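The values are calculated or read from the model by the stated rules, or taken from the named source; none is laboratory data. Given the structure is predicted, the values throughout are model-derived calculations rather than measurements. Neighbour counts run over all protein chains shown; Cβ positions are idealised from the backbone, glycine included. We work out accessible area using only protein heavy atoms, side chains counted, and drop any ligands, DNA or RNA first. Shrake-Rupley method; radii C 1.70, N 1.55, O 1.52, S 1.80 Å.
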Amino acid sequence: IMAGAYTAYVVQQAVSAPGVSLLISIPIGFVIGGLMGLILEVTLISRLYHRPLDTLLVTFGVSLILQQAARDIFGAPAKQVVAPQWLSGVITIAGVDVPKARLFIFVLSIGAVLAVSAVLKLTPLGRRIRATVQNRDLAETIGIRTRSIDRCTFFIGSGIAAIAGVGLTLLGSTGPTLGTTYIVDAFLVVVAGGIGQVKGTVIAAFGLGLLQAAFEYSTTASIAKMLLLLAIVLFLQVRPQGLFTVRSRSLA
C-alpha cells in the first residue's frame, strides 16, 4: 500500500496534470507493488512456507525496513498527492452527498474485485491457482508448476495492494507507515469472509464497514473498533471457518 501511494506521488511529480497522473499511477503502482511482492516471495517467504510464525516475524521485519527506506528516500514528512479537479466536490445519490473521491475509490475497488474474479474463473492461470490452493500435490502431478503459481499469486496480490495505496492518496497524505493502518482491518475481513474466498472477502468488507459505521454513529471511533472486534470474535465462535470455505480435494 505504501509503495502504491508513493508511486502516485512520484508520477505526480513527473506528470503535471493531476487527473492524468492518477490514472497513470494505477497500472504503474500495480507493477511496482507486484514486483516487490514477487521479490519478497522468492527471497524470503518461499523458504518459510512450513514455518508460519517465522514468516510473520520476517514480514514484520521487512515492513520496518521498507518504512525506513521510504523515510530515507522521500523524507519523514508526509507527502501530499493532489486530487484531480474532476474528483473534487460531491455527488448527490438518493438525497445523500457522496464525495467524488470516495466514489472513485469505490468504483476502483469494484473494478479490482471483478478483475480478480475474472482471472480466477475464466483464465488458465486462474484455474491453476485454484488447483494449487485446493491440492498442491495433485496439481503438481498433472504438470502444474506450483512454484510459478506461488510467484504469480504474490505478484497479483501485492499489485492489488499497491492499487489500494494509489486510491488512498485521495483520502489523506502519504507517509512511510500508511499501510500499517489497514493491517488489522484487512486481517479481520479475510478471517470473517473465509480464507481464499473472493466473494467472502467482498461480503465481509461491506458488512464490517457498515457495522463499524453504525457503531461509530452512536459511539466513538475507538469504541466502535472494540465492538467490531468483539462482534467478529462472537461470529467466529459460530463459524470458525468464516462465511465461506475453500473446497478441497484433500483426503487428509
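Of the accessible area of region 126-252, computed with a 1.4 Å probe over protein heavy atoms only, carbon and sulfur atoms account for 66 percent. In terms of overall dimensions, the C-alpha atoms belonging to the chain reach 56, 43, 36 Å along their principal axes, ordered largest to smallest. The mean accessible area for residues of region 1-89, using a 1.4 Å probe and ignoring ligands and nucleic acids, is 57 Å² per residue.
Measuring between their Cα centroids, region 210-229 and region 154-184 lie 23 Å from each other. Remark: spin-label model distance residue 136-residue 58 equals 1.3 nm, labels positioned 7 Å along the Cα→Cβ axis. Along each principal axis, taking the top coordinate minus the bottom one, the Cα set of region 146-252 gives 48, 38, 19 Å in descending order. Taking the helices alone, the chain has a mean residue ellipticity at 222 nm of -23500 deg cm²/dmol, built from -39,500 (n - 2.57) per DSSP H run of at least 4 residues and averaged over all its residues. A 1.4 Å probe run over the protein chains yields, for region 91-156, 64 Å² of accessible area per residue, whole-number rounding.
Based on the convex hull around the alpha carbon atoms, region 1-149 presents an average projected area of 12.5 nm². Annotation: lysines with alpha-carbon distance below 27 angstrom to residue 121 (same-chain offsets under eight excluded): 199. Amide H contacts of residue 98: 91, 92, 93, each under 5 Å away and 5 or more positions distant or on a separate chain (H built 1.01 Å from N in the peptide plane; Pro and chain starts excluded).
On the basis of the beta-carbon distance and an R0 of 30 Å, residue 236 and residue 43 show a calculated FRET efficiency of 0.35.
The label point for residue 119 and the one for residue 100, both projected 7 Å from the Cα toward the Cβ, are 3.0 nm apart.
Ranked by the mean number of other Cβ atoms within 10 Å of their residues, highest first, the peptides 89-97, 131-139, 161-169 come out as 161-169, 131-139, 89-97.
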